[in-house]
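Input: a single structure, listed below in structure tokens.
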Amino acid sequence: MIRYPNALVQGQTIGLTAPSSGVNPQLHNLVHESQKQFEKRGYNIEVGETVWTQHKAASATKVKRAKELNAMLQNSEIHAIIPPWGGEILQEILPLIEWEKAQPKWILGYSDTSTLLFALTMKTGIATAHGTNLVDLRSDEWDPTTSKFLDVLSAEGGATIHQTSSVNYQSEWSHDRQPKPYVFNLDTETKWESVYTQPVEMKGRLLGGCMDTIRHLIGTPYGDVKTFQATYLMNEPIVWFLENCEMSATDFHRTLLQMQQAGWFEHASGIVFGRTEAGQEVGGFSTFDALERLAETTNLPIIYNADIGHVPPQMTFVNGAYATIKVSGGKGEMTMKLKK
């Protein structure tokens, strides 16, 4: 049975902590601006020390990062947690997290933050929200796709949230760009696709994240999908949502093979992949070749170029929620129910 955090309401406190990377001084303004946007919308913000520092590919030592995260997870006065962004080595704090003391509260993010989201849902059955990062919420207006994160965090258990694919996506990052009116420059038409170029529908419990980081949980206590599925999902099928941040086409293929051979796709009903700037061809082998081979070996419907991950905007996918995802004519939609 999945446990959902209570709905986030105005007047409550959101904790900012950096369990992976912190923010270098020259970019502190991104955090300040994002904080102001939440305060303007009626939320209180508590900022942890780790947000402001960065050393050796992480915000602080693993002990300090874990201590601050544990404190926020256990503090009943903090109702949601949003890291500034992802990073590289969050995995090293997983053994230091006091899982049994974690209170159900929303955690939002992607990239290396998805390592924490995945592990927390896997270990405790607490739902987590894979969506936008804090620093991308620094504008007066949030685009229609990104802004759905607040609908999710504000929803009561049992609620149904409907999301549709974006109209356009951002083709290139620029943290120096001033919002016009959004942080993202949505300049390229969005087109969700399926491997066999036909309408697709899949239903099941959502689970996933950034492949570059969650793949390293295979074979650890934080990646035991079979036990999680039996314990918390009562063997309901899984709809996987995945994205490739930096892997070449062959590394992407090897990772999918590892996931499949580790049993992650057993009892799955489909897989949705996000857009990516990665996936460089190797010797003529492309990421589409990898997707075709995955479809052939698993007989699962596969969607790609969805609004997930490092090529924004992105929809909010809740680990553990029940979803119906459809794709037709280049457009996608997801109806997500926060059911136990």
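What to note about this one:
- Listed pairs 105/148; 226/337; 123/340; 226/326 exceeding 20 Å between Cα atoms: 226/337; 226/326
- Each peptide in 297-309, 86-98 receives the mean, over its residues, of other Cβ atoms within 10 Å, and ordering these scores from highest gives 297-309, 86-98.
- Given the alternatives (1) 20.9, 67; (2) 18.6, 55; (3) 22.6, 71, Rg and Dmax of the Cα atoms in Å as computed for this entry is given by (2).
- Taken over region 137-250, the alpha-carbon convex hull comes to 184 cubic angstrom per residue.
- For the chain, size of Cβ-based charge dipole, Lys and Arg +1, Asp and Glu -1, in debye: 880 debye
- Positive minus negative residues near residue 92 (Lys, Arg vs Asp, Glu; Cβ under 14 Å): +3
- Length gained on full extension, residue 92 to residue 235: 48.5 nm, using 0.36 nm per residue less the C-alpha separation.
- Taking label points 7 Å from Cα along the Cα-to-Cβ direction, residue 227 and residue 288 give a separation of 4.1 nm.
- Reference-scaled alpha-carbon Rg (2.2 N^0.38 Å with N residues) for region 293-340: 1.31
- The charge dipole of region 269-340, taken about the Cα centre with unit charges on the Cβ atoms of Lys, Arg (+1) and Asp, Glu (-1), comes to about 540 debye, rounded to the nearest 20.
- Counting protein heavy atoms only, the chain has 48 percent of its accessible area on carbon and sulfur, 1.4 angstrom probe.
- Based on C-alpha pairs under 8 angstrom that are at least 6 apart in sequence, region 212-340 has a relative contact order of 23 percent.
- Beta bridges from DSSP with both residues in the chain: antiparallel share about 50 percent, rounded to the nearest 5.
- The slack in the chain from residue 258 to residue 180, taken as 0.36 nm per residue of separation less the alpha-carbon distance, amounts to 23.9 nm.
- Span-like helix check, the chain: no full DSSP H segment qualifies, none having both a Cα axial length of 24 Å or more and a mean Kyte-Doolittle of 0.0 or more.
- ³J(HN,Hα) computed for each position of region 193-206 - Karplus, 6.51 cos²θ - 1.76 cosθ + 1.60, integer Hz, glycine/proline x: 9, 10, 4, 9, 6, 9, x, 10, 9, 9, 9, x, 7, 6
- Looking at region 1-88, the DSSP beta bridges with both ends there are about 10 percent antiparallel.
- Cβ-based charge dipole, region 238-297, positive-most Cα from 290, 267, 241: 267
- When you restrict to C-alpha pairs under 8 Å that are six or more residues apart and normalise by the size of the chain, the relative contact order lands at 20 percent.
- Separation of the residue 198 and residue 76 label points, Cα + 7 Å toward Cβ, nm: 5.5 nm
- Burial order of peptide ranges 27-35, 281-289 (average beta-carbon count within 10 Å, highest first): 27-35, 281-289
- If only the Cβ of Lys and Arg carry +1 and only the Cβ of Asp and Glu carry -1, the dipole of region 1-71 around its Cα centre is close to 220 debye.
The values are calculated or read from the model by the stated rules, or taken from the named source; none is laboratory data. Please read all numbers here as calculations on a predicted model, not as lab measurements. Neighbour counts run over all protein chains shown; Cβ positions are idealised from the backbone, glycine included. Keep in mind that these areas ignore ligands, DNA and RNA; they rest on the heavy atoms of the full protein, side chains included. Shrake-Rupley method; radii C 1.70, N 1.55, O 1.52, S 1.80 Å.
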